[in-house]
2 protein chains.
Amino acid sequence: MTDRRLRADAMNNRARILEVARELLTSTSELPMNAVAKAAGVGQGTLYRNFPTREALLAEVYRADVDTLVASAAPLLELHEAPAALRRWLDNVAEYARVKRGVLAALEPSSGHELATSHTGSIGEAIDLLLDAGKSEGSIRSDVDSQDVLILLGFLSRMDEAEATERADRILDLIVDGVRA
Amino acid sequence: MTDRRLRADAMNNRARILEVARELLTSTSELPMNAVAKAAGVGQGTLYRNFPTREALLAEVYRADVDTLVASAAPLLELHEAPAALRRWLDNVAEYARVKRGVLAALEPSSGHELATSHTGSIGEAIDLLLDAGKSEGSIRSDVDSQDVLILLGFLSRMDEAEATERADRILDLIVDGVRA
DNA sequence: AGGCTATCTGGACACGTGTCCGTTTAGCAA
DNA sequence: TTGCTAAACGGACACGTGTCCAGATAGCCT
């Protein structure tokens, strides 16, 4: 990805940081950056050089999960029309969010949107896939983009479990209805 | 509100804190709590006792604005059907959000939702007013509540001005379409 | 007036974040 | 092997947040 030839010790550190982060996340869903640095036996500087933000670190930790999530979009389109596929895919997202709260933070645009829409990453592409299918069908309005959906999805990361079980479903319904043509 | 007979010196401090906060907000939209305390000539303890969270402080600072916003809901219902009224009212919200970014933070449920829906405050009541009108008309689905809308509205506080001018309108449309019956 | 106490005060702390920069070292080159 | 340098290291810092508690004092009560 960004590892334009890393020095050997640097690779070790990076790997160790990820390992430690994963470990810490098994006990709590919190991830104090300085705790990670300490546990990994590196300085703050090293940690932040490898992962400039907590999101960057979480994104790497959860890369596999995010990939799974992304990959689950296409098959749904074979079984359902776009809006239904989108709805089901959002269920997957909510489910991941429920189990591993970190996944959400990983896909949050942190703050002050990176270079236009590009930063969105693979999650954005998955959403675009679903939206585009719907736009072709005429079942989804043509003026929404993945970023819009991602922005609205942000609410998932700011709800605790209790609230999520009560509201998430309904709100996701609402979003999907909103993007319908 | 909560001032069950405040001691005279306490009242002075409280007033001074608010004054200082308002002042600081004229220059930037940031509001470091310790800066407020310092500028008001009180200790951290005093500041936090009066306003346990930044939101509490902002809520008080912007109380008048929030009241205006809330009051603008009812008249809209005289002129428009509920969904249109809601849409226009959300425009007002977005406009306030654009001008005074603090207003948003003031109505954010901070974290870990206070006692059920009640905390929502007057903004929630305004939304309920609009939603209820729509539910009576049959133009708004009966299973959404003001909290749902408020949660979705959270996106406004996490967009910078540039992004807001580009997306806010469209996303608000989308939300209103979502709550339509 | 003067004492008493509930209330308020305010700064020290513990903890987190992210940056900066002097020091160390991997890995190449001679 | 030895020297060199760009890359990486890591801890000290500056700054913010929110809590805690020993001391001060407003305002009632006698």
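The values are calculated or read from the model by the stated rules, or taken from the named source; none is laboratory data. Computed from a prediction, not measured in an experiment: that's the story for all the values here. Note that each Cβ is placed from the backbone with ideal geometry, even for glycine, and that neighbours are counted across all protein chains shown. These area figures cover heavy atoms from the full protein model, side chains too; ligands, DNA and RNA do not enter into them. Shrake-Rupley method; radii C 1.70, N 1.55, O 1.52, S 1.80 Å.
Among the candidates B:I151, B:I140, B:I171, which residue alone is more than 16 Å from B:L76 (Cβ to Cβ) and open to solvent by less than 10 Å² (accessible area, probe 1.4 Å)?
Every option except B:I171 fails the conditions.
Under the condition of being more than 14 Å from every other protein chain (Cβ to nearest Cβ) and more than 8 Å from DNA strand D (Cβ to nearest atom), which residue from the stretch B:48-61 is surrounded by the fewest Cβ atoms within 10 Å (Cβ to Cβ)?
Only one residue fits best here, namely B:A56.
So which helices (runs of 4 or more DSSP H) are wholly in the stretch B:1-107 and hold at least 2 residues that are of a type in the set (A, V, I, L, M, F, W, C) and away from DNA strand C (no atom under 16 Å from the Cβ)?
B:8-27, B:54-61, B:63-71, B:73-79, B:82-99, B:101-107
What residue, of A:L24, A:L76, is open to solvent by less than 70 Å² (accessible area, probe 1.4 Å) and modelled with pLDDT under 95?
Within the list A:L24, A:L76, the selection yields A:L24.
Hey, does the stretch A:162-181 have a residue that's more than 7 Å from chain B (Cβ to nearest Cβ), outside any helix (DSSP H, G or I) and modelled with pLDDT under 90?
So far as the stretch A:162-181 goes, yes, one or more of its residues are more than 7 Å from chain B (Cβ to nearest Cβ), outside any helix (DSSP H, G or I) and modelled with pLDDT under 90.
Looking at A:D67 and the list (1) in the same structural domain as A:N92 (by TED's automatic domain parsing); (2) at pLDDT below 95; (3) open to solvent by less than 70 Å² (accessible area, probe 1.4 Å), which single condition is not satisfied?
(3)
Between residues in the stretch A:6-25 that are more than 17 Å from A:A64 (Cβ to Cβ) and residues that are among the hydroxyl-bearing types (S, T, Y) and open to solvent by less than 100 Å² (accessible area, probe 1.4 Å), which pairs lie under 7 Å by C-beta distance while being six or more apart or on different chains?
Taking only residues 6 or more apart or on different chains, the pairs are A:N13/A:T46.
Restricting to the stretch A:26-58, name every residue that is of a type in the set (A, V, I, L, M) and in contact (Cβ under 8 Å) with a residue 60 or more places away in the chain.
Listed by number, the list holds a single entry, A:L31.
Looking at the stretch B:36-47, is at least one residue within 14 Å of chain A (Cβ to nearest Cβ), more than 7 Å from DNA strand D (Cβ to nearest atom) and of a type in the set (D, E, K, R)?
No, because not a single residue in the stretch B:36-47 is within 14 Å of chain A (Cβ to nearest Cβ), more than 7 Å from DNA strand D (Cβ to nearest atom) and of a type in the set (D, E, K, R).
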